[in-house]
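Structure record follows, encoded as structure tokens.
The values are calculated or read from the model by the stated rules, or taken from the named source; none is laboratory data. Since the structure is predicted, the reported quantities are computational estimates derived from the model, not experimental observations. Reconstructed Cβ throughout: ideal geometry from the backbone, glycine too, with neighbour counts over all protein chains shown. Side chains are part of the model used for accessible areas, which takes the heavy atoms of the whole protein and leaves out ligands, DNA and RNA. Shrake-Rupley method; radii C 1.70, N 1.55, O 1.52, S 1.80 Å.
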Amino acid sequence: MRKTALSDEILLSVEHPERYIGGEINSVQKNKEDIAVRFAMCFPDVYEIGMSHLGIQILYEMFNKRTDVWCERVYSPWLDLDRIMREKHIPLFALESQDPVRCFDFLGITLQYEMCYTNVLQILDLSDIPLKASERDPDAPLGECPIVIGGGPCAYNPEPVAPFFDMFYIGEGERRYDELLELYISVKKQGGTRLDFLEGAAHIEGIYIPSFYKPVYNDDGTYAGREKLDRYAPDRVVKAVCTGLDDAPYPLKPVVPFIKVTQDRVVLEIQRGCIRGCRFCQAGMIYRPVREKSLDTLKGYAKAMVEATGDDEISLSSLSSSDYSKIAELVKWLVETYKDKFINISLPSLRIDHVFLEMMETVQDSKKGSLTFAPEAGSQRMRDVINKGITEEDIMQGSAICFTAGYSKVKLYFMLGLPGETDEDVTAIAHLANGVAMNYFDTVPKEERKGIRVQVTSSTSFFVPKPFTPFQWSAMDTPDEFLRKAHLVNETMENEPNHKSLKYQYHESDLSKLEGVFARGDRRVAEVILTAYGKGCMYDSWTESFDSVKWDEAFRECGLDAGFYTLRERPLDESFPWDFIDIGVTKDFLEKEYLRSKEALITPNCRDKCSGCGAARFGTGICTVPGKVSEGYEA
Amino acid sequence: MAPEYVLCRERYLKDMRLRIRFSKHGPVRYIGHLDIQRYFQRLNRRSGLKVVYSEGFSPHQRMSFAMPLSVGCESDAEYFDLEVSEAASSGAVINAMNSHQAEGILVTGCVLLPDNAQNAMASVRAADYTVSFRTGYEPGFDMEAVVAAFNASDSYIILKENKKAAKKKRSFRGSDTEPPAFKELDLKKYVYGLCTKEDNTVFMRVSAGSADNIKPELVIKALYEKAGK
Ligand code: SF4
């Protein structure tokens, strides 16, 4: 029987000990003696969140398919265990073998959101790995201290956490990891050093070694560029793109947790990327071009995964499921196949129209839950600014169809603080919500309402400009301005004729400020993260542990102004610390899109018309549809 | 090994109620009761058992557990009842389930229940426990002698928290007829067997089930009291 790293006493004293025991269904056990590379794959947040992440499951499957690699999982110990581990000097361990992370060859950390950055430090600290890569001996033989490698969407601007990582993998993991592992094995065999390996890895597409560069700044504090410190440091890093998604590794036997986690179902990734090009959306740019999986592939996945997990729900995953060309066919097949097997089908991120409703009717018998629309902005002008191709008419038609079908709850998602937003755009959020409620009364005759009151819940989140989006030049609102706008929405809503049917929710703004700094920050920000961590900051995305006072102190002590990163509208000729990464989509295209946004000009989606964003150079997905890619696009 | 029963739908022409026995050892002892239920729901599906589902909007598997096991306890025998529409034999059920288990959980028995059988929960009368002491936490007294003294006594009155009364007390608020939150209980009546073993463990058979459930902690606490600790 496996032994746990934690004693009975500790396991009995912490919340949810199941987080730490491993041994879940489909978790992989191997014999360490037969293994060349031990890889610890970490999601720096609590188990329930980390276990819900598809990307890690994909890499877990891919690595463990190799007989010479054993990939294990690591998550952030929750605050209660964190305290005990520090007190008793218990090293952080991986779940499968329960062995300390320190004795692994790699520690891979996925960066899914900026607010996990202090948890990255927690992971390194508890693993007893020096927090800064510069403190890890470059001349030591490989295997002495794990190579710390970062990935995920936040790695597209790695600079704020660059000092903590030996390397970043930019792009899709399916593509280049084998090459990296082979290199590691051969350097280790030859008795090479850490530096030997890093220099070799610098040649692999998608790999970025931060210690090979030194950022330089202008007198006004803006980023000027970088000096190369190593002879093998390349000029640019091209993101790794997976070209044949149908043949790419996929977790057909995903790990099934003992405890209930956020994503507790079979997840089918139906496509990667998005045709839409919403101007605020980073995922929509960095995952270009859109690539679909074939129906047969997905059917095979569903069958295998249901069998291997025993899950009772299948969920589709993609940035915009309605844009999958065979969505109706897929849903029909899923429903027909699983209807008598007590397996539910859930369909997130769908556009609400007739096709959608037909699908919903087949999916759930007569349970009418709530329906979600994401107009993102209240006024049509603002929706054009962000290139959200959805009109008020779409929303009204969509909600009318739903109301007629018996739904009475609608959720609306908006963003506040979008570039160029006026108070009129802000109050338009309340008007739109009111319009949807009114639409109910217009569509559903009184006798059919059965005493049910329509409920329209609007939530707003604060807009944070992200790198590699047309808004990467934009200024962000101050926390006070955010709150003022949220109050304005609230006030307007209270004065709407149908205010009794309207509900409004918004999130805190301090967190957004920090997210803004990390998203578009440079390497100097790392010092602030380190300082805040030293003050005890951790789990910043959790309200119970977020401490804005400590963060303010950290900025002050490091002599950095958060506003420098968030509040400036950046000039078009400013260099960005992330410019060296090549995502396919060009800076030129982003700039054009930024300028078009200022004129509220819509840009067509990839299916309607190619806009020549640059992603076609990867020669895959929608860009390869004959006659699709054009040289440029007219303004 | 339990005898193999032939379970055949043709013979019964209706859904069958099976009583499943399983053991739980090693790290999986930290899986709580609700999660064990979820675990078995998934296991049943992975094993391809033809489980009967309830009617209604959110159908669930017809499965009922005998008793929750405290987090941290290992067990040789836990029980639940499961309704299936089809099953070849008890051996087939056991094999199917055990080929999809997590390490440490094992189905060790499966029998077909007669129509008039009480459900698993109502069938529980007693439970056997073996209490072992962690290094550094061994009793600092002669356990064997204390156990012998306990066994020789006519009665052993303890105060047991009266959960129902404790709950009521909150709703009574301020009245002077508050029922006591603790009730007196003669532990001797509920301890059916108690002895020490050579490996320094304490074995006990105590009353269990929905009526008078005695947790092993209660008995150990009594022994420590008796030893004056
Ligand atoms: S090159 Fe054209 S089709 Fe391809 S992703 Fe860019 S805009 Fe879309």
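Taking 0.36 nm per intervening residue step and subtracting the Cα-Cα distance, what contour gain separates A:Asp99 from A:Asp552 on full extension?
My answer for the length gained is 159.3 nm.
From zero outward in steps of 5 Å, how is the percent of C-alpha pairs of region B:9-122 spread across the bins?
2, 11, 22, 26, 20, 12, 5, 1, 0
Please work out the FRET efficiency for the pair A:Asp480 and A:Lys132, using the Cβ-Cβ distance as r and a Förster radius of 41 Å; give the result to the nearest 0.05.
0.70
Top to bottom by accessible area (1.4 Å), largest first, where do A:Asp522, A:Asp220 land?
The ranking, largest first, comes out as A:Asp220, A:Asp522.
Provide the per-residue ³J(HN,Hα) series for region A:223-229, in order, calculated from phi with Karplus coefficients 6.51, -1.76, 1.60 and θ = phi - 60°, each as a whole number of Hz, with x at glycine and proline positions.
6, 9, x, 8, 9, 8, 10
Please give, to one decimal in nm, the separation of the simple spin-label points placed at A:Ser461 and A:Lys88, each 7 Å out from Cα toward the Cβ.
Going from the A:Ser461 label point to the A:Lys88 one covers 3.8 nm.
Rank-order A:445-453, A:332-340 by packing density, defined as the average count of other C-beta atoms within 10 Å over each peptide's residues, highest first.
In decreasing order of mean packing, A:445-453, A:332-340 become A:332-340, A:445-453.
Through the Karplus equation 6.51 cos²θ - 1.76 cosθ + 1.60, θ set to phi - 60°, convert the phi angles of region A:20-32 into ³J(HN,Hα) values in whole Hz; use x for Gly and Pro.
For region A:20-32, the Karplus curve yields 10, 8, x, x, 5, 4, 6, 6, 9, 10, 9, 8, 4 Hz.
Mind listing the long-range amide H neighbours of B:His60? Cut-off is under 5 Å, sequence gap 5 or more, other chains count too, H placed in the peptide plane at 1.01 Å from N.
B:Ser54
Between A:Asp394 and A:Val216, what's the calculated FRET efficiency when r is the beta-carbon distance and R0 is 56 Å? Round to 0.05.
Efficiency for this residue pair is about 0.70.
With labels modelled as points extended 7 Å from the Cα through the Cβ direction, what inter-label distance (nm, one decimal) is found for B:Ala126 paired with A:Glu33?
For B:Ala126 paired with A:Glu33, the spin-label model returns 4.7 nm.
Rounded to the nearest 0.05, what FRET efficiency do A:Asp423 and A:Lys450 have when you use their Cβ-Cβ distance and R0 = 41 Å?
0.60
Using the Kyte-Doolittle scale, find the helices of chain A whose mean hydropathy is at least 0.0 and whose Cα atoms extend 27 Å or more along the helix's long axis, counting only whole DSSP H runs.
The qualifying helices are A:423-443.
Between beta-carbons, use under 13 Å as the cut-off and find the net charge around A:Thr372, counting Lys and Arg +1, Asp and Glu -1.
Local charge sum for A:Thr372: +2.
Which net charge results when you count Lys and Arg as +1 and Asp and Glu as -1 among the other residues whose beta-carbon is under 13 Å from that of A:Gly206?
Charge balance near A:Gly206 sits at -2.
Using a cut-off of 19 Å between alpha-carbon atoms, which aspartates and glutamates can reach B:Lys189, once sequence neighbours fewer than 8 places away in the same chain are excluded?
B:Asp128, B:Asp154, B:Glu161, B:Asp212, B:Glu217, B:Glu225
Accessible area per residue of the protein assembly as shown at 1.4 Å probe, in Å²?
About 44 Å² of surface per residue is accessible.
As I understand it, the value is the acute angle between the Cα axis of helix B:216-226 and the longest principal axis of the Cα atoms of chain B; what does it come to in degrees, rounded to 10?
10 degrees
Find, among the GluC sites (Glu not before Pro) in region A:1-68, those assigned to loop by DSSP (not H, G, I, E, B) with at most 11 other beta-carbon atoms within 10 angstrom.
A:Glu15
Can you order the peptides A:534-542, A:295-303 by their average number of other Cβ atoms within 10 Å per residue, highest first?
A:534-542, A:295-303
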